[in-house]
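The values are calculated or read from the model by the stated rules, or taken from the named source; none is laboratory data. What you see is a predicted model; the values in this text were computed from it and never measured. Cβ: placed from backbone, ideal geometry, glycine included. Neighbour counts: every protein chain shown. Ligands, DNA and RNA are stripped out before the accessible areas are found, and what is left, the full protein with its side chains, is counted by its heavy atoms. Shrake-Rupley method; radii C 1.70, N 1.55, O 1.52, S 1.80 Å.
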Amino acid sequence: MSSTYPSAADLETILPYLPIDQQINIKYMQASEPEDIVSLINRKVDLIKSDMEKDSRTYIDMSEDQISAFLVAGFNRSGISADHDSTRSGHVDIVVRHPQTGFEWYAEAKIWGGVTYIAGGFDQLFTRYCSNNPAWKHGAIIIYYKLPSPMSGVRTKWKTELTDSQVVDCPLDGDSSFISQHSKIASGTPYNIRHTFISLHYD
């Protein structure tokens, strides 16, 4: 291994022995294709989600903006640049920008308040924020769930509201997430939205 900086081959050799968070960061820095970048962002979301769910009492009384600020801080602390409430044809809750390619991933985050309320966030993301750049095919809805009733019920309820799109299972997390597939209104190019529920109930 180089005494100054490890080569790509060096990194491939040591990668399996590093903590999962560091593995994602290294792969993220090396990624150049949007599909690979988005997959790594989603894996990072799932790691941060797991940490948040382990300490739900911290978030139970927080507002949407406060919780989203913690999620963004989780990205930044782990070495992936993210912003909260950035301006992109409106105020996007979460923006992650890949520094090597300039690719951007947008997420709208809501506390569960029923399907009509979540639909408002969906409309913001899909009709205002998503870029017409054909290479930008992915965004996310993140739903903070604080109620004592089973999360699976409202997840199914929200999924059935997306009647105008094709809904598929998320390959990374089929229990808390699913993906809806759409065509961008202005360009007709595909846009995939990952819907992720984060359970933050605390009694």
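A few remarks follow.
- Kirkwood-type radius of the range 91-203, with distances r between different C-alpha atoms, in Å: 14.6 Å
- Computed from Cα positions, the angle between helix 34-54 and the longest principal axis of the chain comes to roughly 70 degrees.
- Simple spin-label estimate for A135 and Q30 in nanometres, 7 Å along Cα-Cβ: 2.0 nm
- Within the accessible surface of the chain, defined with a 1.4 Å probe on protein heavy atoms only, the carbon and sulfur portion equals 50 percent.
- Options S152, G188, G139, ranked by Cα towards positive dipole end of the chain, top entry (Cβ charges): G188
- Cα-based shape type of the range 8-116, given that a ≥ b ≥ c are square roots of the gyration tensor eigenvalues and the cut on a/c is 1.5: oblate
- Derived value for the chain: Kirkwood hydrodynamic radius 17.7 Å. Basis is the mean of 1/r over every pair of different alpha-carbon atoms.
- Gyration tensor verdict on the range 139-203 (Cα atoms; rounded if a/c is under 1.5, prolate if a/b is larger than b/c, oblate otherwise): prolate
- Of all DSSP beta bridges confined to the chain, the antiparallel ones make up roughly 60%.
- Additional length obtainable on full extension of the chain from A9 to D123, 0.36 nm per residue less Cα span: 36.6 nm
- Ranking G120, A31, V92 by Cα position along the charge dipole of the range 5-149, where only Lys, Arg, Asp and Glu carry charges on their C-beta atoms, puts G120 farthest toward the positive end.
- Per residue, in Å², the accessible surface of the chain once ligands and nucleic acids are set aside, probe 1.4 Å: 50 Å²
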